[in-house]
Amino acid sequence: MIKTFIDFSELYKVLDEAQTKVIWEGIGKLIHKKVLELIDSGKNTDGQTYQGYSASYREWKTKKGEYEGYVNLDLSGQMVASIKYRASTTNFTIYLNNGKAIEKAYRLNNTKNWSFMDWGKELDKILWPALQEALYQVGFFK
């Protein structure tokens, strides 16, 4: 699960709840999109390529016509489709909404180090531009 840990207490003093919800919704949407783009490109949230498939699994995927030359965590589409986000007036959370996908993600993270639900350098790169854009949206900068 990816969840924000940023103290915006000073910002909350000048924005109302509707504005902060818009901010977190915008940031959550952009981070969610980036996580999906990283997975599709075969990279984790630090921008590192996932460890390759075992030779036998790669061969099996190749025979089925499903091997794209890199790991993208998308055999059936179930896990990627279950990655969702939600926002509140104080934060956003990116999460898996499917029990089987949660189990798979836990197993992959612990056995293959295929972490895709952790905060990483690639997400840091877009957080501040996303926040700035969201603040413009609610009229914080005039």
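Computed from the coordinates by the stated procedures, all read-outs in this text should not be read as laboratory data. Predicted model, so just to flag it, every value in this text is computed and none were measured. Here the Cβ is made from the backbone with ideal geometry for all residues, glycine too, and neighbour counts use every protein chain on show.
General remarks:
- All lysines inside 17 Å of Lys112 as judged from Cα atoms, apart from same-chain residues fewer than 8 positions distant: Lys43, Lys104
- The angle between the Cα long axis of helix 17-40 and the longest principal axis of the Cα atoms of the chain comes to about 20 degrees, rounded to the nearest 10.
- Among the listed pairs Lys33/Lys100; Lys29/Lys61; Lys34/Lys63; Lys13/Lys121; Lys21/Lys125, those with a Cα-Cα distance over 24 Å are Lys29/Lys61; Lys34/Lys63; Lys13/Lys121.
- Residue-wise HN-Hα coupling along the stretch 58-64, computed from phi with Karplus coefficients 6.51, -1.76, 1.60 (Hz; x: Gly, Pro): 4, 4, 4, 5, 5, 4, 7
- Compared with the rule-of-thumb size 2.2 N^0.38 Å for a compact globular protein, the chain has a Cα radius of gyration ratio of 1.21.
- Length-normalised contact order for the stretch 1-123 - Cα pairs under 8 Å, 6+ apart - percent: 39
- Gain upon complete extension [Gln137, Lys61; 0.36 nm per residue less C-alpha separation]: 22.9 nm
- Spin-label pair Lys33-Asn91: with each label point 7 Å from Cα along the Cα-Cβ axis, the two points sit 2.4 nm from one another.
- Annotation: amide H of Asp46 within the under-5 Å range of Lys121, Glu122, sequence separation 5 or more or interchain, hydrogens built in the peptide plane.
- In degrees, nearest ten, helix 121-137 long axis to first principal axis of the chain (Cα): 30
- For the chain, calculated [θ]222 nm from helices alone, where every DSSP H run of n ≥ 4 adds -39500 (n - 2.57): -15500 deg cm²/dmol
- Exposed chymotrypsin sites (Phe, Trp or Tyr not before Pro) absent - longest run of the chain, DSSP non-H/G/I/E/B, at most 10 other C-beta within 10 Å: 6-140
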